[in-house]
Amino acid sequence: MIKKIFIVAVFFMCSYSFAQEGSVSPYSFYGIGDQRFKGLAENRMMGGISVYTDSIHLNLQNPASLGKLKLTTFTAGASYNSLSLKTDESSENASDVTFDYLAIGIPLGNNLGMSFGVLPYTSVGYAVQSLDEDISPAQLSRYEGEGGLNKAYFSLGYNFLNNFSIGARGNFNFGKVENESVKYTEGVQYGSRVQDNSEYSGFDFNFSLNYDADLTKNIGLKSSILYTPATKITSSNSRTISTLAGNSNGIDIPRVTEEVDLAALGLNSTYLHLPESYGFGLGVGKKYTWFVGAEYEITNSSEFRNDFVNPVNGSYEDGERFSAGAFWVPDYNTYASYWKRITYRIGLKNERTGLVVNNVPVHDFGMSFGLGLPMNGFSNFNIGVEAGKRGSTYLGRVQDNYVNVFISLSLNDQWFRKNLIR
């Protein structure tokens, strides 16, 4: 078990070091980039719901689930993201491979569990160009950015009174975002370039409360409350300004570069304000056989603010997300048919992201499905697909049509327990 974990951990940590951007969407231009999915592949297959919990799977979104964890669990995930970008005038295709998470959960007793790991939180990866000929003189603008924010987390969950579980997760946020804007004006010999770099660090927290009950002899109820308080993390900033001479190949050649004294402007160290959010989940199911659930989340995105960089043509309003999902296992206890022991999952989501571009809110709708393939013992390999649409071409915006294929490996075993030999 330990050897397997070491091999997989090395593989995914290497993947993480080469795939930190994780976005090719122009929408990652805003804020601190695209928000990555915050849970495991199993949750993502079911529309992103986190209300379902059991004793062998981790649930990164719902730390209270650790109170029922019975096996030491190692899990890691990655995804292939394909994007079709469409405007009123053109379309482009892009893709990337990303690291999704690396996590370990350890039971500390019958009613207590802990987990720790690392996962991306946001991703920046865009290259946008626009030519404005409606003004005189005409102006060519280019915007590029890369980087993102990551979380290293530690969480605890405790089960009490048989039906209740409570949990908390502490996250250390870290990462770097680089933004660059280039402008050329018709009739002006040289262009200009502004490069902004921000390094982020700081803590935030998540809390959850679960309640489980038996409705009948075979049917159970699961419910959850999730809460993330508003917080602010430190942003250490630098800015350089350059004059540019473009050559015949379209390459920008810096002539003079000067670093801006941000300390004199009070901008060398600022804050990134992350918003408050809370969610509610409810579902019913038969143990080991099937489950159907739904979740509603509200995020006070209007509270988001970056004291260093202001978005162009973008603003924020409060966002909300509705998601629903289900799974089905034909016969978990049979060895006559492998296909009957597979977990079949399906889900959907409908989200108002909170981002407003050109005074129009950005919506995201997607559907997902996938398989949980059993391995030795309680371990499993997961593969899923998510397809959807974000934004629209209305008022000169960009529509993202995406297809994401994601995989994960969950290895389960008993640690720190002595076998009795009689």
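Each part reduced to its alpha carbon centroid, the range 338-400 and the range 33-66 end up 13 Å apart. When only the Cβ of Lys, Arg, Asp and Glu is charged (+1, +1, -1, -1), the dipole of the chain relative to its Cα centre reaches about 2500 debye. Considering only 375, 114, 46, the mean-square fluctuation computed in a Gaussian network model of the chain, springs between alpha carbons under 10 angstrom, is largest for 375. The helix-based estimate of mean residue ellipticity at 222 nm for the chain, built from -39,500 (n - 2.57) per DSSP H run of four or more residues and divided by its residue count, is -1500 deg cm²/dmol to the nearest 500.
For the residue pairs 183/389; 68/287; 38/70; 217/349; 70/151, alpha carbon separations beyond 20 Å are given by 183/389; 38/70; 217/349; 70/151. For the range 269-422, a simple Cβ point-charge model (Lys and Arg +1, Asp and Glu -1, everything else neutral) yields a dipole of about 940 debye relative to the Cα centre. Computed on the Cα atoms alone, the convex hull of the chain gives a volume of 164 cubic angstrom per residue. Summing Cβ point charges (Lys, Arg +1; Asp, Glu -1) relative to the Cα centre of the range 75-156 gives a dipole of roughly 680 debye. A protection proxy built from the mean count of other Cβ atoms within 10 Å ranks the segments 127-136, 236-245, most packed first, as 236-245, 127-136.
Helix 2-18 sits at what angle to the longest principal axis of the chain, using alpha carbons and giving 0 to 90 degrees rounded to 10? In the chain, helix 2-18 runs at an angle near 20 degrees to the longest axis.
The relative contact order of the range 189-345 comes to 19 percent, based on Cα pairs under 8 Å that sit 6 or more residues apart. A dipole drawn for the chain from +1 and -1 charges on Cβ atoms has a positive end, and of 45, 274, 87 the residue lying farthest that way is 45.
Each of 235, 311, 127 was placed along the dipole of the chain (beta-carbon charges, centred on the mean Cα), and the one lying farthest toward the positive end is 235. Rounded, prolate or oblate: pick one for the range 240-293, where a ≥ b ≥ c are the square roots of the eigenvalues of its C-alpha gyration tensor, a/c under 1.5 means rounded, and failing that, prolate if a/b is larger than b/c, else oblate. It is oblate, given that a/c is not under 1.5 and a/b is not larger than b/c. Take the chain with all the other protein chains still there, run a 1.4 Å probe, and you get 50 Å² of accessible area per residue. Counting only protein heavy atoms and a probe of 1.4 Å, the accessible surface of the chain is 57% carbon and sulfur.
The values are calculated or read from the model by the stated rules, or taken from the named source; none is laboratory data. The model shown is predicted, which means the values in this text are computed figures rather than measured ones. Neighbour counts run over all protein chains shown; Cβ positions are idealised from the backbone, glycine included. Just the protein is used for accessible areas: all its heavy atoms, side chains included, with ligands, DNA and RNA removed. Shrake-Rupley method; radii C 1.70, N 1.55, O 1.52, S 1.80 Å.
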